[in-house]
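Just below is one structure, and these are the notes that go with it.
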Amino acid sequence: MNNSKNVLRYIYGEGAINSLNGLVNERKNQKDDYAIYLVDDFFKDKSVLEEVFDSQNDIKLFIPTEHEPTTDYVDNMATEIKGYNEKLPCVLVGIGGGITLDVTKAVANLLTNPGKSEDYQGWDLVKNSAVYKIGVPTLSGTGAEASRTCVLTNTSRGLKLGMNSEFSIFDQLVLDPTLTKTVPHDQYFYTGMDTYIHCIESLNGTFRHALADAHSRQALELCKEVFQSNNMQSDSNRAKLMTASYFGGVAIANSLVGIVHPFSAGLSIVLGLHHCFANCIVMNVMGEFYPAEAEEFKKMLEINNIKLPTGICNSLSEDEFELLYSSTVIHERPLANALGDFRRVLTRKKVREIFQKM
Ligand code: NAD
Ligand code: ZN
């Protein structure tokens with residue numbers, strides 16, 4: 001049985017971002033204490049967060065989001081940060097989407113644990129508690145703000161796996177729906193759908209319990225309200241989706257995903273597609289496994305005028321199909337959660353047929 005831990009504290013609501021300064025300063029007890037802010041590249045030239053950084057000692061680093069984070073990337077960043085100062089930062093603040101939040105979690109672990117990030121990809125391998133970290137999501141859906149993992153691509157091992165550990169959980173969150181105002185239309189849909197997909201996968205699986213189900217159901221309800229309305233990005237819908245994302249993250253910490261995520265991971269490994277976009281492409285062909293939800297998903301695509309590409313696996317080589325297969329079936333726990341003895345259903349031929357529908 002899981003001995004579950006949640007994020008210790010959160011401040012929620014419009015304007016919550018104005019509390020960040022105070023929260024960071026509370027962590028500073030000595031003159032040479034300093035904070036490091038890891039900020040999504042999008043905010044580089046924007047004035048929105050200007051007043052948040054006011055200390056001369058603090059360091060601000062921008063996180064690129066073109067590619068999802070790799071183990072090499074976070075290893076290099078941790079080494080760079082250790083080189084700044086003999087003393088570790090007293091707080092790490094991650095402000096951005098899932099990429100930035102995951103980089104913050106991974107770096108916070110690496111600053112207090114020896115070795116490389118790949119040593120900690122898996123379940124409960126992190127030994128020492130991380131540097132205190134504050135998460136400020138600016139995009140809702142992954143649940144990374146609430147979850148106990150940070151997903152990293154290990155290119156040399158062809159593996160996308162998180163540091164699943166209670167040390168990966170944020171100590172403090174600042175949940176301010178005004179920060180998601182600027183998210184582009186399609187991105188808002190793709191990332192928001194990650195919550196929907198986490199929850200339908202979890203509720204259709206066998207590894208679950210009533211408390212996780214309650215979080216999933218509430219998150220799902222909110223997702224439906226948002227994505228079946230005529231303006232998914234209205235003020236109230238952005239607040240709802242931020243709540244859904246948090247609930248979805250808590251739910252997933254106590255359950256497992258299902259078929260969509262393993263196939264989506266295959267697409268990320270072979271075609272380099274981003275997680276939430278890849279999930280949507282997979283969800284679109286899941287009629288056989290999740291019939292009611294796949295139909296509902298298609299309606300939400302239509303309502304929000306989202307056009308997904310098709311034929312994305314049409315020109316792949318045999319080797320690439322083989323890699324798609326292996327990088328999908330490697331995710332045994334979620335596949336078993338959905339299908340039990342999944343290898344009987346997901347033969348090589350079947351997996352290929354599913355990818356060919358995308
Ligand atoms: P992202 O971090 O990939 O960002 C997507 C785009 O949105 C980027 O271009 C970014 O700059 C932009 N953006 C972010 N906030 C914005 C804002 N307020 N205004 C305008 N643009 C903004 O997005 P994501 O979908 O949230 O995260 C995906 C990542 O999350 C993947 O790396 C995935 O593996 C990870 N993930 C983690 C967990 C977890 O539990 N840790 C769960 C699911 C996914
Ligand atoms: Zn996901």
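Whole-Hz Karplus values for the stretch 19-28 come out as 8, 4, 3, x, 5, 5, 5, 4, 7, 8 Hz, taken residue by residue from phi with 6.51 cos²θ - 1.76 cosθ + 1.60 and θ = phi - 60°; glycine and proline positions read x.
Listing Arg333, Arg217 from fewest to most neighbouring C-beta atoms within 10 Å gives Arg333, Arg217. Under 5 Å between amide hydrogens, built in the peptide plane, is the criterion, and for Thr70 it picks out Thr153 among residues at least 5 positions away or on other chains. With the cut-off at under 15 Å, measuring from each backbone N in the stretch 71-90 to a point 7 Å along the Cα-to-Cβ line of Leu8 picks out 90. Each Lys and Arg Cβ is given +1 and each Asp and Glu Cβ -1; about its Cα centre, the chain then shows a dipole of about 660 debye.
Rounded to the nearest 500, the helix-only mean residue ellipticity at 222 nm of the chain stands at -14000 deg cm²/dmol, with each DSSP H run of n ≥ 4 adding -39,500 (n - 2.57). Rounded to the nearest 20, the size of the Cβ-charge dipole of the stretch 26-121 about its Cα centre is 320 debye, with Lys and Arg at +1 and Asp and Glu at -1.
In a DSSP loop and with at most 13 other Cβ atoms within 10 Å, the trypsin sites (Lys or Arg not before Pro) in the stretch 154-194 are Arg157, Lys181. Taking every DSSP bridge with both residues inside the chain, close to 15 percent are antiparallel. In sequence order, the stretch 119-129 has phi-based couplings of 5, 10, 6, x, 10, 6, 9, 6, 8, 10, 5 Hz under the Karplus curve 6.51 cos²θ - 1.76 cosθ + 1.60, θ = phi - 60°, and Gly or Pro positions carry x.
Annotation: peptides 252-258, 200-206, ranked by per-residue average of other Cβ atoms within 10 Å with the highest first, follow the order 252-258, 200-206. Around the amide H of Tyr10, modelled in the peptide plane, lie the amide H atoms of Leu173, all under 5 Å away and 5 or more residues distant in sequence or on another chain. When a/c is below 1.5 the answer is rounded, else prolate if a/b is larger than b/c, else oblate, so apply that to the stretch 255-358 with a ≥ b ≥ c taken from the square roots of the Cα gyration tensor eigenvalues. Oblate shape, in that a/c is at least 1.5 and b/c is the bigger or equal ratio. Residues in the stretch 216-222 carry Karplus couplings, in order, of 4, 4, 5, 5, 4, 4, 5 Hz; the curve used is 6.51 cos²θ - 1.76 cosθ + 1.60 with θ = phi - 60°, and Gly or Pro positions show x.
Here Ser19 and Phe62 are evaluated by their C-beta separation; at R0 = 30 Å the FRET efficiency comes out at 0.85. Of the trypsin sites (Lys or Arg not before Pro) in the stretch 258-358, the ones in a loop by DSSP (not H, G, I, E or B) with at most 16 other beta carbons within 10 Å are Lys307. To the nearest Å, what is the center-to-center distance of the stretch 65-86 and the stretch 121-174, using C-alpha atoms only? About 14 Å separates the Cα centre of the stretch 65-86 from the one of the stretch 121-174. For the stretch 1-85, GluC sites (Glu not before Pro) are listed when DSSP marks them as loop and at most 14 other Cβ atoms sit within 10 Å of their Cβ; the list is Glu14, Glu66. Straight-line reach from Lys298: which lysines have Cα under 19 Å away, leaving out those fewer than 8 places along the same chain? Within the straight-line limit of under 19 Å, Lys298 reaches these lysines: Lys224, Lys307, Lys357. For helix 318-329, what angle does its Cα long axis make with the longest principal axis of the chain, in degrees from 0 to 90 and rounded to 10? With rounding to tens, the tilt is 70 degrees.
Straight-distance candidates among the aspartates and glutamates for linking to Lys133, with alpha-carbon spacing under 15 Å and chain neighbours fewer than 8 residues away dropped: Glu26, Asp33, Asp58, Asp102, Glu145, Glu166, Asp171. Seen against the Cα atoms of the chain and their longest principal axis, helix 185-203 is set at about 70 degrees. For the stretch 271-317, the spherically averaged projection of the C-alpha convex hull amounts to 3.9 nm².
The lysine pair tally for the stretch 17-118, using Cα distances under 18 Å and a gap of 8 or more places or different chains, is 11.
Read-outs: derived from the displayed coordinates by stated rules, not from any lab. Remember, predicted model here, so these are calculated numbers, not experimental data. Cβ: placed from backbone, ideal geometry, glycine included. Neighbour counts: every protein chain shown.
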